[in-house]
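*Asks:* My structure is below; once you've seen it, I'll send some questions.
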Amino acid sequence: MSSSENTGANQAPKGFEALKSHIRTHKIDVGLWCTRVLTILCTFTYFIPIFGNPINAYYKALIANAATSALRLHQRQPRMTPSREFLFAVFMEDSCHYLIYSLIFLYVSPFTLVLVPIFLFSLIHFASYSLTLLDTIGRNSWWGARLLISLVELQSRKILSLIALTEILLMPFSIILLFLSRAGLLTPFFYYQFLVMRYKSHRNPYTKNMFHELRLILDDFSAKPNTPSFLKTGIKSLIQFVSRCAPITSEATAAN
């Protein structure tokens, strides 16, 4: 190695200087990390109201998630063009789905289950990017934080499945909230559109897979000989209703 290369290697930023350089060159990614931290902190404040008003924390968590989704959407679709293709591309983005999700529930009375998906998504992406920041500082730094991050990443599939299950369960709850006068008349309609987008998502198949898994569980339960006949009838009617409401995906079109 030449002396000039040695000098360049010695002058390469290390530690917190490297972190500062990384922040300057990855402003949007760091901004996303910050809004996800805010979502996590506000969710904790809602569940454990030690600091401030839990109701305010609930809506701040939704606003922070909306900011995350808007930033991520800008990152995925930086050039806005007034065309049908651009709108189609925007509505296919997961970040657009959760921007809409946040806006839906900003006008609904606080309901604990609503925070579960945005908290878990924030936790997964926070852990992933925190590892990048720790690697920037130094690969042997903060081993305790690295251990916690690895635990989150090991459970990421289970977490994504739990998010998908929560998305599905929120559909009937949105109707219940309507009858309890805690949601607007259009809330179930808008949430159904959100669920359709999640079902058709190309980047995240967990919602679609969860619908399939739930159907298998219900089919198995209704097939048992000791299941009462009225439950079997109810399960079959529910499956038929959900199947009629399911959107047509590109896979189903190709199969036909």
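*Asks:* Considering every residue within region 61-70, establish whether at least one is open to solvent by less than 60 Å² (accessible area, probe 1.4 Å) and more than 15 Å from LEU32 (Cβ to Cβ).
*Replies:* Among the residues of region 61-70, at least one is open to solvent by less than 60 Å² (accessible area, probe 1.4 Å) and more than 15 Å from LEU32 (Cβ to Cβ), which makes the answer yes.
*Asks:* Also, quick follow-up: From the list THR132, THR136, pick out the single residue that is of a type outside the set (D, E, K, R), in a helix (DSSP H, G or I) and farther than 24 Å from LEU160 by Cβ.
*Replies:* THR136
Conditions (1) without any contact (Cβ under 8 Å) to a residue 24 or more places away in the chain; (2) open to solvent by 50 Å² or more (accessible area, probe 1.4 Å); (3) in a loop (DSSP other than H, G, I, E, B), marked per residue:
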{"site": "GLU167", "(1), (2), (3)": "no, no, no"}
{"site": "SER181", "(1), (2), (3)": "yes, yes, yes"}
{"site": "SER222", "(1), (2), (3)": "yes, no, no"}
{"site": "PHE230", "(1), (2), (3)": "yes, yes, no"}
{"site": "GLY234", "(1), (2), (3)": "yes, no, no"}
{"site": "SER237", "(1), (2), (3)": "yes, yes, no"}
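Here is a yes/no grid of residues against (1) of a type outside the set (Val, Ile, Thr); (2) free of Cβ contacts under 8 Å to residues at least 40 places away in the same chain; (3) within 26 Å of HIS22 (Cβ to Cβ):
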position	(1), (2), (3)
HIS97	yes, no, no
LEU113	yes, no, no
LEU151	yes, yes, yes
PRO172	yes, yes, no
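*Asks:* Would a scan of region 243-255 turn up a residue that is among the β-branched types (Val, Ile, Thr), surrounded by 15 or more Cβ atoms within 10 Å (Cβ to Cβ) and assigned to a helix (DSSP H, G or I)? So that I can check it myself, show each step before the final result.
*Replies:* Step one: filter region 243-255 for residues among the β-branched types (Val, Ile, Thr), giving 248-249, 253.
In the following step, the residues that additionally are surrounded by 15 or more Cβ atoms within 10 Å (Cβ to Cβ) were identified as none.
No, every residue in region 243-255 fails to be among the β-branched types (Val, Ile, Thr), surrounded by 15 or more Cβ atoms within 10 Å (Cβ to Cβ) and assigned to a helix (DSSP H, G or I).
*Asks:* Still on this model: Hey, does region 199-209 have a residue that's at pLDDT below 85 and either open to solvent by less than 40 Å² (accessible area, probe 1.4 Å) or closer than 30 Å to LYS236 by Cα (or both)?
*Replies:* Checked region 199-209: at least one residue is at pLDDT below 85 and either open to solvent by less than 40 Å² (accessible area, probe 1.4 Å) or closer than 30 Å to LYS236 by Cα (or both).
*Asks:* Name the residues in region 23-48 that are under 11 Å from PHE126 (Cβ atoms) and either among the aromatic types (Phe, Trp, Tyr) or open to solvent by 30 Å² or more (accessible area, probe 1.4 Å) (or both), would you?
*Replies:* First, the residues of region 23-48 that are under 11 Å from PHE126 (Cβ atoms): 32-41.
TRP33, CYS34, ARG36, VAL37, LEU38, LEU41 - these are the residues of region 23-48 that are under 11 Å from PHE126 (Cβ atoms) and either among the aromatic types (Phe, Trp, Tyr) or open to solvent by 30 Å² or more (accessible area, probe 1.4 Å) (or both).
The values are calculated or read from the model by the stated rules, or taken from the named source; none is laboratory data. Because the structure is predicted, anything quoted here is derived from the model rather than measured. All Cβ positions, glycine included, derive from the backbone under ideal geometry; neighbour counts span all protein chains shown. For the accessible areas, the whole protein counts, side chains as well, though only heavy atoms, and no ligand, DNA or RNA atoms are used. Shrake-Rupley method; radii C 1.70, N 1.55, O 1.52, S 1.80 Å.
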